[in-house]
């Protein structure tokens, strides 16, 4: 089993290789093992997907639930895992730093911190947002391994339209020491190229915001990493809804014919250590 240090080094190396890579988003330990078995080189937890497994909405799980979730996923996988750490579960930089330290202890190889206050439902003031990243970097930089801190600028995802504001924040986060930058909400390859040309750190793009684009398109536009957020569990739940509607409505069960991938799932999971 690779050590946390080895996973961190592998994860750091992925951000410097020539090719853009997809970081798949599991929602529980089983899906994490499945995604590793399919061949993904790194994983990132999904705040929305995880919340669903608890019967909660995105942003509602507690800090302890989040930490336990990350421990459970890193315990069953051999590849790097990055945690969607939302807003760091705190507003003040000092507490963000303490929480990041607790997150590192779960065994993850990286985590993301966003500049959106999930309690107040507003973006953090620019200066405070930068101080929060600086506080997180103070913790990650003293580790004996290259832990990858991703700084997220949430302006576009939260209804804003000012790309210059996004770039200004990303540049400040980079100067504060973030290893990777992320601005969910970019919906065109043109805007993506504008952002990546203005920064000097690896950039993560939320691929599902541009469903007709390909991995090659994202690479040409300057993205180093492509994530998919909570899309996988919710796309997977759609046929479950249809199957249940068939049972409750017409009382039919033919939806199961030739549709159960149980054997394939078990085979893929066997490719990962037990």
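Scanning the range 245-261 for residues that are more than 19 Å from residue 38 (Cβ to Cβ) and part of a loop (DSSP other than H, G, I, E, B), which turns out nearest to the chain's Cα centre (by Cα)?
So, considering only residues that are more than 19 Å from residue 38 (Cβ to Cβ) and part of a loop (DSSP other than H, G, I, E, B), the one nearest to the chain's Cα centre (by Cα) is 258.
What do you reckon, is residue 42 in contact with a helix residue (DSSP H, G or I) (Cβ under 9 Å, 6 or more places away or on another chain) and under 20 Å from residue 214 (Cα atoms)? Steps first, please.
Values: in contact with a helix residue (DSSP H, G or I) (Cβ under 9 Å, 6 or more places away or on another chain): yes; under 20 Å from residue 214 (Cα atoms): yes.
Yes.
Can you name the residue in the range 179-194 that is surrounded by 23 or more Cβ atoms within 10 Å (Cβ to Cβ) and without any contact (Cβ under 8 Å) to a residue 60 or more places away in the chain and, of all such residues, is nearest to residue 143 (Cα to Cα)?
181
Residues checked against (1) farther than 30 Å from residue 182 by Cβ; (2) at pLDDT below 90; (3) assigned to a helix (DSSP H, G or I):
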site	(1), (2), (3)
226	no, no, no
229	no, no, no
232	no, no, yes
238	no, no, yes
243	yes, no, yes
263	yes, yes, yes
267	yes, yes, yes
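Using the structure shown, decide if residue 222 is touching a residue at least 60 places away in the same chain (Cβ under 8 Å) and either out of contact with any strand residue (DSSP E or B) (no Cβ under 7 Å at 6 or more places or on another chain) or assigned to a loop (DSSP other than H, G, I, E, B) (or both).
So residue 222 does not fit the description; no.
Only residues that are surrounded by fewer than 20 Cβ atoms within 10 Å (Cβ to Cβ) and either on the phi > 0 side of the Ramachandran plot or not in a loop (DSSP other than H, G, I, E, B) (or both): list them for the range 203-219, please.
Within the range 203-219, 208, 209, 215, 216, 217, 219 qualify.
Those residues that are surrounded by fewer than 21 Cβ atoms within 10 Å (Cβ to Cβ), in a loop (DSSP other than H, G, I, E, B) and in contact with a helix residue (DSSP H, G or I) (Cβ under 8 Å, 6 or more places away or on another chain), I need them from the range 1-39; list them, please.
Those that are surrounded by fewer than 21 Cβ atoms within 10 Å (Cβ to Cβ), in a loop (DSSP other than H, G, I, E, B) and in contact with a helix residue (DSSP H, G or I) (Cβ under 8 Å, 6 or more places away or on another chain): 2, 19, 28.
Given the conditions (1) in contact with a strand residue (DSSP E or B) (Cβ under 9 Å, 6 or more places away or on another chain); (2) surrounded by fewer than 20 Cβ atoms within 10 Å (Cβ to Cβ), which single one is not true for residue 109?
Residue 109 satisfies every listed condition except (2).
Check the range 121-133 and report whether any residue there is in a loop (DSSP other than H, G, I, E, B), buried (at least 18 other Cβ atoms within 10 Å of the Cβ) and either in contact with a helix residue (DSSP H, G or I) (Cβ under 9 Å, 6 or more places away or on another chain) or at pLDDT 95 or above (or both).
yes
Any residue at all in the range 85-94 that's crowded, with 24+ Cβ neighbours inside 10 Å, within 21 Å of residue 44 (Cβ to Cβ) and either at pLDDT below 95 or out of contact with any helix residue (DSSP H, G or I) (no Cβ under 9 Å at 6 or more places or on another chain) (or both)?
There is no residue in the range 85-94 that is crowded, with 24+ Cβ neighbours inside 10 Å, within 21 Å of residue 44 (Cβ to Cβ) and either at pLDDT below 95 or out of contact with any helix residue (DSSP H, G or I) (no Cβ under 9 Å at 6 or more places or on another chain) (or both).
Among the residues of the range 140-164, how many are out of contact with any strand residue (DSSP E or B) (no Cβ under 9 Å at 6 or more places or on another chain) and outside any loop (DSSP other than H, G, I, E, B)?
Residues in the range 140-164 being out of contact with any strand residue (DSSP E or B) (no Cβ under 9 Å at 6 or more places or on another chain) and outside any loop (DSSP other than H, G, I, E, B): 2 in total.
Mind counting the residues in the range 54-83 that are within 28 Å of residue 270 (Cβ to Cβ), in contact with a strand residue (DSSP E or B) (Cβ under 9 Å, 6 or more places away or on another chain) and part of a helix (DSSP H, G or I)? Walk me through how you get there before you give the answer.
So the first thing to find is which residues in the range 54-83 are within 28 Å of residue 270 (Cβ to Cβ), and the list is 54, 68-83.
Then drop every residue that is not in contact with a strand residue (DSSP E or B) (Cβ under 9 Å, 6 or more places away or on another chain), which leaves 69-70, 73-74, 77, 79-83.
Filter once more, so that each one left must be part of a helix (DSSP H, G or I): 69-70, 73-74.
Of the residues in the range 54-83, 4 are within 28 Å of residue 270 (Cβ to Cβ), in contact with a strand residue (DSSP E or B) (Cβ under 9 Å, 6 or more places away or on another chain) and part of a helix (DSSP H, G or I).
The values are calculated or read from the model by the stated rules, or taken from the named source; none is laboratory data. Remember, predicted model here, so these are calculated numbers, not experimental data. Cβ coordinates were reconstructed from backbone atoms using ideal geometry, including for glycine residues, and neighbour counts include every protein chain displayed.
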